[in-house]
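What follows is a short report on a single structure.
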Amino acid sequence: MSVVTLSPGPPLLEGYRQALGAPALRALEGVARRLRGHRLVMVNSTAAGGGVAEILHRLVPLLNEAGVPTTWEVIEGAPRFYAVTKGIHNALHGQPGALGGEDRDYFREWSRAQAAKLALDGDLVMIHDPQPVALVEHRRRAGQRWVWRCHVDLTHADPEVWAFLAPWVVRYDATVFSAAAFVPALPAPAYLVPPSIDPLSEKNRELEPEAIRAVLERLEVPGRAPLVTQVSRFDRLKDPLGVLEAFRLARRQESAHLVLAGGGAADDPEGSAVLAEVRARAAGMTDVTVLELPPDSHRDINALQRASAVVLQKSLREGFALTVSEALWKRRAVVASAVGGIPLQVMHERTGLLVRSVEGAAYQVTRLLRNPSLRRYLGEAGERHVRANFLLPREARDYLAVFARLLEVGG
Amino acid sequence: MAGFELVSVVHLVRPTGARARNLEGLRAGIAAAAPDCLFYHACQYVLRFHDADELPPNDFAAWVEGVVQDRETAERLAFAAAQESHHLAGLRRALLAVLEAIPENTRLTRDAPEEGEFRFHGVDSVVVPAGLAPGTVDELVEHLRGAEPASLFYHLYERPLLHPEAEDTLEGWVEQQGERALAQWLRDCPRWGLSLEDARRRLVRRWNRSQLRRRLAARAQAPESERRRAGKQAVSRLMDRWRAAGEGESAP
């Protein structure tokens, strides 16, 4: 049986209580009270690496502390299984690639074998992502509530691959997605649980000014002019060239320094091409720094965001864009495109500024550079908005509420 | 007499599948929206922005302002919802009236950029125990002073709006305790378009003021020695406050 054993760490509830105040946790505690006597099982495909495992490492202890006994089971992988599920993953993201008949049979057979090895014995079972989706065929008993938590953007899913998975997905009692754009038509309720940031993590916890200065020095980012920063991978949909152009227009009126920081270019051929294009376009612009950061640069990103006067997210398309929540949590003034999940985080003129063009971005960046009190006002309002809506205890609360709802309507 | 069980609420949001690309799409979507959808977009935002200094506009107005960037229509939608958010049928009428005042051709051309469409959501409410059961109105107000925003929202806004027929209501219980004026204030509160924290502040202030006369009368009945001690304490508190204010003024 593949149950993940988590090493004991500092009490999370207490940490959040200190960081956020007791009222922020009362709803989580309230739903947990409603689920007393029930046991929850989380299932995914890996205990280490990847965003889901990262979330579960915090979420499972938090749910246990809140009073809902929760275990975490992992399906075993094998090279062929990983190859098949990688193909499924890519196809769900819209990349071409067929899933052959043999691969389909293998996926079914492997899932059946895994179901025999796992306990899956909670009253409540949450299956994360497509790899273990077929386990729903092997419900242990009537009355169990099964929820499929899809972290994948299905907007451009390959229809054939989705048709292969859908017969399992429709057998769940409910599904959970991160953003409305990802939700396909399904018979059972599909709930939106926006992703969250962890205020106690390396990327988001408070940093001393001295630590921020040290990071800027190491990254060779000059500290004299106010920083305008966009943190995102080098991807055309993040519009880094549009950011450069907006900054070029803005600096005609106000001096500042632009930082374009991102990662993932090394193992992504298109990312490398975009990064090269960005570097070529920025060549000769002495007030622009382009940084390619390793994937574990959480502290560096934290410091860059905290050091910025303005944080940009000038994407052309977005899923949820958690970088916006990260910046707002740090009380930064944000200028962002009105796409995807961004308008949920940025309320125009209230928690940030929404734009829809290069000129709009240039105008709003200039406006913010000239107006420190507006930056402060938007940053403080943005922090309050994130505190209320986009932190990890809220995500935990929502998962429990989905099960409470299923128990309520199912009797 | 039995205490009042405070509850809280978690809102599970589900997309309805309806979308709007322009003001005409918004009009059609509002006309067809289920009550929980209208509730989510034009009332529940009070909870999402519970501690905003100033309550932002509802989701429809926010989209028209921030994404479509038609400020005049956004202002009208914000005003309409703020006036009618205590009554779903009136709310729908008011929002539609704003949009229908714009010629259809114009509604079609005032649109969102690619990827910026408005998505309509409904909501399932999961009511959970707050773990608090005040036995007196004084205790109730004390609990509400520190209650989590969702609990305050449920009792002040959501329950009256979505379950007007419910019997065990907060205001009903307050009335049973003999506090008719406060019960009426609770009934009227959703009409005023207040932010949640503003409503909380006003509720506590109103209750404290209403209790002032009662407390003074009770103190007047107290023995002379106790009244003297209370008087000295009051003067001492006043001096502390002046001193603190003075220090604040001289601070750099």
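Its residues counted as N, the stretch A:216-331 yields a C-alpha radius of gyration over 2.2 N^0.38 Å of 0.98.
Shielding value for A:23-34 is 6, the average number of Cβ atoms from other chains within 10 Å of each residue's Cβ. Eigenvalues of the alpha-carbon gyration tensor of the stretch A:1-124, scaled by 5 and square-rooted, set the equivalent ellipsoid semi-axes at 34, 17, 13 angstrom, largest first. Under the combined filter of DSSP loop state and at most 11 neighbouring Cβ atoms within 10 Å, the stretch B:148-252 retains these GluC sites (Glu not before Pro): B:165, B:167.
Using only the Cα atoms of the stretch B:1-56, build the gyration tensor, take square roots of its eigenvalues as a ≥ b ≥ c, and label the shape rounded, prolate or oblate: rounded if a/c is under 1.5, else prolate if a/b is larger than b/c, else oblate. In terms of gyration-tensor shape, prolate.
Each distinct pair of alpha carbons in the stretch B:68-209 adds a 1/r term; the inverse of their mean, the Kirkwood radius, is 17.6 Å.
Applying both filters, DSSP loop and at most 12 other Cβ atoms within 10 Å, to the GluC sites (Glu not before Pro) of the stretch A:371-405 eliminates every site.
Which percent of the Cα-Cα distances in the stretch B:22-103 go past 18 Å? Beyond 18 Å sits 33 percent of the P(r) for the stretch B:22-103.
The alpha carbons of the stretch A:37-93 stretch over 38, 18, 17 Å along the principal axes, in descending order.
Only helices enter the 222 nm calculation for chain B: every DSSP H run of n ≥ 4 contributes -39,500 (n - 2.57), and dividing by all residues gives -17500 deg cm²/dmol, rounded to 500. Each residue in B:239, A:126, A:285 was given a count of other beta-carbon atoms within 10 angstrom of its own, and listing them fewest first yields B:239, A:285, A:126. If you take the beta carbon distance between residue A:90 and residue B:214 as r and set R0 to 45 Å, what does 1/(1 + (r/R0)^6) give as a FRET efficiency, to the nearest 0.05? The calculated FRET efficiency here is 0.05. Taking 0.692 mPa s as the viscosity and 37 °C as the temperature, the Stokes-Einstein diffusion coefficient of chain B based on its alpha-carbon Kirkwood radius rounds to 157 µm²/s. Helical content alone sets the calculated 222 nm signal of chain A at -14000 deg cm²/dmol, taking -39,500 (n - 2.57) per DSSP H segment of four or more residues and averaging over every residue.
What Kirkwood hydrodynamic radius do you get for the protein assembly as shown when you take the inverse of the mean 1/r over all pairs of distinct Cα atoms, in Å?
Values: mean 1/r = 0.0367 Å⁻¹.
Result for the protein assembly as shown, one decimal place: 27.2 Å.
Tell me the angle of helix A:372-389 to the major Cα principal axis of chain A, expressed in degrees between 0 and 90 and rounded to the nearest ten. Approximately 0 degrees, to the nearest 10. Note on A:93, B:86, B:50: ascending count of other Cβ atoms within 10 Å places them as A:93, B:86, B:50, the fewest first.
Given q = 0.12, 0.17, 0.19 Å⁻¹, what are the Debye log10 I(q)/I(0) values for the stretch A:140-291, with equal point scatterers placed on the Cα positions and solvent ignored? Calculated log10 I(q)/I(0) at the listed q: -0.76, -1.06, -1.17. For the pair the stretch B:84-161 / the stretch B:48-66, the C-alpha centres are spaced 11 Å from each other. Pairs of lysines in the protein assembly as shown whose Cα atoms sit within less than 23 Å of one another amount to 7, provided the residues are eight or more positions apart or on different chains. So how tilted is helix A:101-117 from the main axis of chain A? Cα-based, degrees 0 to 90, rounded to 10. Roughly 70 degrees between the two axes. Basic side chains Lys and Arg get +1 at the Cβ, acidic Asp and Glu get -1 at the Cβ, and with that the dipole of the stretch A:1-135 about its Cα centre reaches some 320 debye. Could you please state, rounded to a whole Å, how far the C-alpha centre of the stretch A:226-241 is from the C-alpha centre of the stretch A:89-126? A separation of 35 Å, based on Cα centres.
In the stretch A:309-411, inverting the average of 1/r over every pair of distinct C-alpha atoms gives 14.4 Å as the Kirkwood radius.
When Lys and Arg each count +1 and Asp and Glu each count -1, what net charge do the other residues less than 9 Å away from residue B:130, Cβ to Cβ, add up to?
Details: positive: A:26; negative: B:5, B:148.
That works out to -1.
Normalised by residue number, the volume inside the convex hull of the Cα atoms of the stretch B:96-148 is 194 Å³ per residue.
Among the GluC sites (Glu not before Pro) within the stretch A:186-269, those in coil by DSSP and having at most 12 neighbouring Cβ atoms inside 10 Å are A:206, A:220. Across the stretch A:152-241, the fraction of Cα-Cα pairs farther apart than 19 Å, rounded to a whole number, is 64%. In order along the stretch A:199-206, phi translates into HN-Hα couplings of x, 9, 7, 4, 6, 10, 6, 4 Hz, rounded to whole numbers, per the Karplus curve 6.51 cos²θ - 1.76 cosθ + 1.60 with θ = phi - 60° and x for Gly and Pro. Evaluated over the Cα positions of the stretch A:113-174, the convex hull gives a direction-averaged projected area, one quarter of its surface, of 4.4 nm². Taking Cα atoms, how many degrees apart are the long axis of helix A:269-282 and the longest axis of chain A, rounded to 10 and kept between 0 and 90? Long axis of A:269-282 versus the principal axis of chain A: about 10 degrees.
Electrostatic bookkeeping for residue A:135 treats Lys and Arg as +1 and Asp and Glu as -1; over the other residues with beta carbon under 12 Å from its beta carbon, the sum is +3.
Distance between the modelled labels on residue A:357 and residue B:236, one decimal in nanometres: 6.7 nm (7 Å Cα→Cβ projection).
Backbone phi angles across the stretch B:236-243, fed through the Karplus curve with coefficients 6.51, -1.76 and 1.60 (θ = phi - 60°), yield HN-Hα couplings of 5, 5, 4, 4, 4, 5, 4, 4 Hz in residue order; Gly and Pro are listed as x. Shown for the stretch B:116-200 is the translational diffusion coefficient from the Stokes-Einstein equation, using the Kirkwood radius over Cα pairs, a temperature of 20 °C and a viscosity of 1.002 mPa s: 151 µm²/s.
Counting beta carbons within 10 Å around each of B:63, A:168 and listing the fewest first gives the order A:168, B:63.
DSSP beta bridges fully contained in the stretch A:104-206 are about 0 percent antiparallel.
Read the figures in this text as sums done on the coordinates, not as results from a lab. All figures in this text were calculated on a predicted structure; none of them were measured in a lab. Here Cβ is always computed from backbone atoms with ideal geometry, including for glycine, and neighbour counts include all displayed protein chains.
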